[in-house]
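Please read the structure below before turning to the comments.
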Amino acid sequence: MTATLTGSAARAVPSAGTAPRPRPRRRVAPYLFVLPALALFAVFKLYPIGRSFVISLHKTVGGTDRFVGADNYERLLHDPLFWTALKNTAVILVVQVPVMLALATGLAVALNSTLLRGRAVFRLGFFLPMVTGLVAYGIVFSVLLNKDYGLVNWLTGLAGLDPVPWLTDPLWAKISLGLALTWHYTGYNAVILLARLQSVPAELYDAAAVDGAGAWTSFRHVTLPGLRPALLLTTVLSTIGTLQIFDEPYVLTGGGPDNATLTIGVYLYQNAFKYFDFGYASAIAYALAVLIGILGVIQFRFLGERS
Amino acid sequence: MELERRRVLRMGGAIAAGAGLTGLTACSGTGGTGATGQGGSAGEQDKGRISVWSWQGPAAEMKALVPEFNKKYPGIEVTVEDIGNPAIWDKITTGLAAGGQGLADVLHIGVDYLPGYVEKFPGGLADLGPLGAGAHRNAFAPGMWQTVSPDGKRVNALPWEANSAGFYYRADLFEKAGVDAGALQTWEETIEAGKAIKAKTGAHLLGIDKPASQADAANFFQMLLQLQGAFYFSLSGDITLDSPEAVKALTLIKTMNDAGLVSDLAGGWNTLMSSLKQGTAAVLPMPTWFGGIIQEQVPEEAGKWKVRLPPAVRRGGSTAATVNSTHLAVAGSSKHQAAAWSFVEFVLTRPASQVQIYKGKGIAPALMAAYDDAVFHEPSPFFSGQKKGEVFLEALKAPSSAFNYTADYARALKLVTDAQSKVLLGGADPAKVLKEAADQLARQTGRKVSR
């Protein structure tokens, strides 16, 4: 018995000493778990990204791909339509995004206010546009904004105003696009800001009130600094979203009139699927990716530093 | 008996064509992207499961033909899918770019896309020659064979619709204005008539999608060009966007617009339909197939409408032009090319099929034998008792210029619609914007501008 016991104990000791033995199994498991996600990422993201770069160095001539080096990128620099698309996208970025984020901040503060009754209903109301199908809302807007048969002009007509060429005048088309985007995304940004707002400690407001701060002062010195990380996030997300914008101009104006609402996304699409120029379209995609990267870095530098 | 003989003849032709062309295909040595076998080797002619991609009206009409098709080919199971237009173009493009993955066996393709698909995706569409298409070479309207078989050897598709330029007009409005629409010889005269109509009835002469919200905004411009036998490219593929004919066409449009005779159809199809229902314009310069749409949309206006061929651009010039066409092709990746071809042949080369489709949706066949049917020669109560079918048959029989759409048609069209928008919305000079467009197209495509 004893011998057996000692024997088993003796055996138990070295086995305790080789405790790392099951470790390899423990190491494999996490990789196994992330493998499906990694494989999917590699197949559906990494591979297309790489392949797209390879395509961007080629040109299809007579059905065969010919390596042309940086030709497509060079062509990009001398293409007036690419610059028009870039300018249009930049205008939306500079005008629409700040207006939308200011609106979203105002909304978030309002929705956070305890003075407001039925807050949940309002939150839902402002968030609902976000879940509307992009194409569906594009079509609804194009019907609403039709110059001759649209509801908006019918209403302003009742007020005695001249019909506005919402989608047919280069300037108004840009404004219409901005309106549609603002309607669609303001609620989404407001919800992100609202979530952050709720983590700002109430004591800070109390302290500010004790110090005699009014509503504006406490907004400037308590709310805004509190919102900074969320503002950074919404700014970066909106920038990326705006640079890639496609659905709205595609459905609303088709990039027109006379390319007034042509965005980089629409131009990329036209080159790939209308002109079958996949090499050039891929070059546009890479130019866009580089732009987004640069702008993202700049925004993190300026907004992120002090947070 | 007669039918039997025809079938034997056709088979003979098919075999001869097949023997001749398989050799050629083998020699041509073009790199196929998605071709799985050429000619009759891919599947049996009377067996298999095939799918067909088309859109709205034509899809419905092909579906209706399937039971009859199955009486002849019980072994072929056909699924017709309505992909919708313009969605079908993206879907075909994606499929072709993916080497034919996921494509249907039979594809319905417009003349504006066909050359692009053929040039950019060699082998993406099957060569119908070896399957027997050559036997039908002379069955279609003049110019159609050149469209589907530019080199006269490879057959990329079979013609379906051949749409001639038409001039649908509200006879009651013309009458009120005291203008005899039938007597208008040129578009200049028509502009004068338009002024009278605007003054007396308030209606515009016609409508154009001025900001080019849809890709087809330049249809009218293109029609004016084609009436002059001109196009965006010469037959050899040079750019002719700023030819004197093009400048003339755009100048006519500018004159109309400056005189306040052009209503804005921004918004595309829906706006066009609203405008039709509201009677905004006196004239719809639309091709053959549009007659069926008018009849469907405003049935209560029966007897108020008439149709004629469009006035000429220059006095004594042509009033006939085939402005567009659609075709059925077989995917190069199809595993049942022979069965798919059987369906294509059944739909497009039998007068009975085409007559039925014309009756259903007013789709104008390119198949000349179809016009022997009485339905094309009946007076139409909607069009004031006119024999509408005969009007267009006259145009179809007229000598028609062939147009080279090239693989760069989509780019050219975009530049043309932009130029037109500049003229219509900003009052730009037609010659100047067309020259800019031609130069830009040359930079984009590397083609020469013919001046």
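Taking amide H as placed 1.01 Å from N in the peptide plane, B:Thr79 has its amide H under 5 Å from the amide H of B:Ile50, B:Ser51, B:Val52, each at least 5 places away in sequence or on another chain. Over chain B, dividing the summed -39,500 (n - 2.57) contributions of all DSSP H runs of at least 4 residues by the number of residues returns a 222 nm mean residue ellipticity of -13500 deg cm²/dmol.
Can you list the residues of region B:262-282 that have at least 40 square angstrom less accessible area with all protein chains present than in their chain by itself, probe 1.4 Å? The answer is B:Asp264. Accessible area per residue (1.4 Å probe, heavy atoms of protein chains only) ranks A:Leu237, A:Leu57 as A:Leu237, A:Leu57, with the largest value leading. With the highest mean first, a sort of the peptides A:247-253, B:301-307 on other beta-carbon atoms found within 10 angstrom per residue produces A:247-253, B:301-307. Among the residues of A:266-278, the average count of other protein chain beta-carbon atoms within 10 Å of the residue beta-carbon is 5.
Over all other residues within a Cβ to Cβ distance under 15 Å of B:Gly426, the charged ones net out to -3, with Lys and Arg as +1 and Asp and Glu as -1.
With both residues required to sit in chain B, DSSP beta bridges show an antiparallel share near 60%. Averaged over the residues of B:209-219, the number of partner chain Cβ atoms lying within 10 Å of the residue Cβ comes to 5. Quick one: check the C-alpha center-to-center distance for region A:172-218 versus region B:111-174, whole angstrom. Using only Cα atoms to place each centre, the spacing works out to 60 Å. Per-residue 3J(HN,Hα) values for region B:177-187, derived from phi via the Karplus relation 6.51 cos²θ - 1.76 cosθ + 1.60 with θ = phi - 60°, read 7, x, 10, 8, 5, x, 8, 5, 9, 10, 5 Hz in sequence order (x marks Gly and Pro).
Charge tally around B:Gln56: other residues with Cβ under 9 Å, Lys/Arg +1 each, Asp/Glu -1 each, net 0. Across peptide B:195-203, the average count of Cβ atoms from other chains found within 10 Å of a residue's Cβ is 0. Out of every Cα-Cα pair that the protein assembly as shown contains, those further apart than 53 angstrom amount to 23 percent.
Please give the total accessible area that chains A and B bury against each other, computed with a 1.4 Å probe and expressed in Å² to the nearest 100. Chain pair A/B: roughly 2500 Å² of buried accessible area. What FRET efficiency comes out for the pair A:Val135/A:Val91, r = Cβ-Cβ distance, R0 = 22 Å, nearest 0.05? Step by step, r from the Cβ atoms, then E = 0.40.
The calculated FRET efficiency for the pair B:Trp269 and A:Val200, based on their C-beta separation and a Förster distance of 41 Å, comes to about 0.20. Taking 15 Å as the cut-off, the amide N atoms of region A:122-148 that come nearer than this to a point 7 Å along the Cα-to-beta-carbon line of B:Gln278 belong to A:143-148.
Solvent-free Debye calculation, one equal scatterer per alpha-carbon of chain B: log10 I(q)/I(0) at 0.09 Å⁻¹ equals -0.59. Per-residue 3J(HN,Hα) values for region B:247-256, derived from phi via the Karplus relation 6.51 cos²θ - 1.76 cosθ + 1.60 with θ = phi - 60°, read 4, 4, 4, 5, 5, 4, 5, 5, 4, 4 Hz in sequence order (x marks Gly and Pro). Which shape class applies to region B:162-292: rounded if a/c is under 1.5, otherwise prolate when a/b exceeds b/c and oblate if not, where a ≥ b ≥ c are the square roots of the Cα gyration tensor eigenvalues? Prolate is the answer for region B:162-292, as a/c is 1.5 or above and a/b outweighs b/c.
Projected onto planes of every orientation and averaged, the convex hull of the alpha-carbon atoms in chain A covers 30.5 nm². Protein-only accessible surface at a 1.4 angstrom probe places the residues A:Tyr47, A:Tyr286, A:Tyr267 in the order A:Tyr47, A:Tyr286, A:Tyr267, largest first. Phi-derived couplings, Karplus 6.51 cos²θ - 1.76 cosθ + 1.60 at θ = phi - 60°, listed residue by residue for region B:374-386: 4, 4, 7, 10, 8, x, 9, x, 5, 8, 6, x, 6 Hz, with x used for Gly and Pro. For region B:361-429, the equivalent ellipsoid derived from the Cα gyration tensor has semi-axes of 35, 19, 10 Å, listed largest first. Do any of A:Lys274/B:Lys254; B:Lys254/B:Lys448; B:Lys71/B:Lys359 go past 24 Å between their Cα atoms, and which? The pairs that break the limit, which is 24 Å between Cα atoms, are A:Lys274/B:Lys254; B:Lys254/B:Lys448.
Protein heavy-atom surface of the protein assembly as shown, 1.4 angstrom probe: 62% of the accessible area is carbon and sulfur, with nucleic acids and ligands not counted.
Taking Cβ atoms as reference points and 13 Å as the exclusive limit, the residues near B:Leu65 contribute a net charge of +3, counting Lys and Arg as +1 and Asp and Glu as -1.
Packing, as the average of other Cβ atoms within 10 Å across residues, places the peptides B:227-239, B:338-350, A:194-206 in the order B:338-350, B:227-239, A:194-206, highest first.
Of the trypsin sites (Lys or Arg not before Pro) found in region B:351-413, those that fall in a DSSP loop while having at most 16 other beta-carbon atoms within 10 Å are B:Lys387.
Among the GluC sites (Glu not before Pro) within region B:65-131, not one is in coil by DSSP while having at most 10 neighbouring Cβ atoms inside 10 Å.
A simple packing score, the average count of other Cβ atoms within 10 Å per residue, orders the peptides A:97-109, A:210-222 as A:97-109, A:210-222, with the highest score first. Quick one: accessible area per residue over the protein assembly as shown, 1.4 Å probe, rounded to a whole number of Å²? On a per-residue basis, 46 Å².
The values are calculated or read from the model by the stated rules, or taken from the named source; none is laboratory data. Predicted model, so just to flag it, every value in this text is computed and none were measured. With ideal geometry, Cβ positions are generated from the backbone for all residues, glycine too; neighbour counts draw on all protein chains shown. Surface accessibility is based on the protein's heavy atoms, side chains included, excluding ligands, DNA and RNA. Shrake-Rupley method; radii C 1.70, N 1.55, O 1.52, S 1.80 Å.
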